[in-house]
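Everything on this sheet refers to the single structure shown next.
No value in this document is a laboratory result; all are computed from the given coordinates. Bear in mind that the values here come from a model prediction, so they are computed numbers and not experimental data. So basically every Cβ, Gly included, is an ideal-geometry build from the backbone, and we count neighbours across all protein chains shown.
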Amino acid sequence: MHTLPCNIRHFLSLALLLLAGLSVQAQMLDDHAKFGLKLGVNGTNLYDDANAQNRDGRIGLTGGVFVKMPLGSSHFSLRPELLLATKGANYQLDSFTSSLKFAYIELPLSLEYNLSILNLHAGLNASFLANSKGEFKDEQGNPVEFDKSTLEKLDYGWHAGLGIDLGNLGIHFRIARGLKGVGKSQSVNDYLGDLKNSAWTLSLAYGFGK
């Protein structure tokens, strides 16, 4: 039976404690706060390197938990989330053909504006690389050795989206961009370049609360 690496367990424990603390505080301050679940599909790709060609994105899954905390009596609220999301892409960079698959633990924090059933939101996110798989080939089709330690463990970026909230049920669409390259070593620039994560997500959320 496989166990999670120690650093991932620590990251998950800290994230869960943070969400639990925020949820308890929200319930103490406002009985309209909601704790909920979300599940969706995402389309992901890699961007920000003009030399990368024939980029073909991936369709994956995302899901996790959230806390929605109204800010007083205004239309605004804060929404921290803890998600697991799959990402990646196929592409060609110079003479290398590459295929990357990622699984990230994500911590998005959004500022939401709710007007009737309309939901507008934007914010920042941090991500931890939980798992990865890569395949690289040179122009002759020969495999190039892939070392997972050459990938950045941490990513951060921004997101923005909109949706419809009908009572405790929400349907949301979001776009997100990473601001940090997926490769952390100069030795992998030949086949990773300056590529960064990008994604769109369509999700269904259900909140428990008033």
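A few comments on the model shown:
- Label zone at Asp190 (point 7 Å along Cα-to-Cβ), backbone N below 11 Å, region 119-161: 137-139, 144-145
- Segment Leu109-Asn142, length gained on full extension (0.36 nm per residue, minus Cα span): 7.6 nm
- Spin-label model, Asn131/Trp158: points 7 Å from Cα along the beta carbon direction are separated by 3.2 nm.
- Part-to-part distance (alpha-carbon centres) for region 142-182 and region 191-210, which is given in Å: 5
- Counting beta carbons within 10 Å around each of Thr97, Thr62 and listing the fewest first gives the order Thr97, Thr62.
- Cβ-based exposure ranking for Ser74, Ser203, in which fewest neighbours within 10 Å come first: Ser74, Ser203
- For a label point 7 Å along the Cα-to-beta-carbon line of Leu120, residues of region 130-169 with backbone N under 19 Å: 158-166
- Net charge contributed by nearby residues that have their C-beta within less than 13 Å of Leu202 (K/R +1, D/E -1): +2
- In this simple spin-label approximation, His75 and Ile171 carry label points 7 Å from Cα along the Cα→Cβ vector, and these lie 2.2 nm apart.
- Each of Phe102, Phe208, Phe96 has some number of other Cβ atoms within 10 Å of its Cβ, and from fewest to most they run Phe208, Phe96, Phe102.
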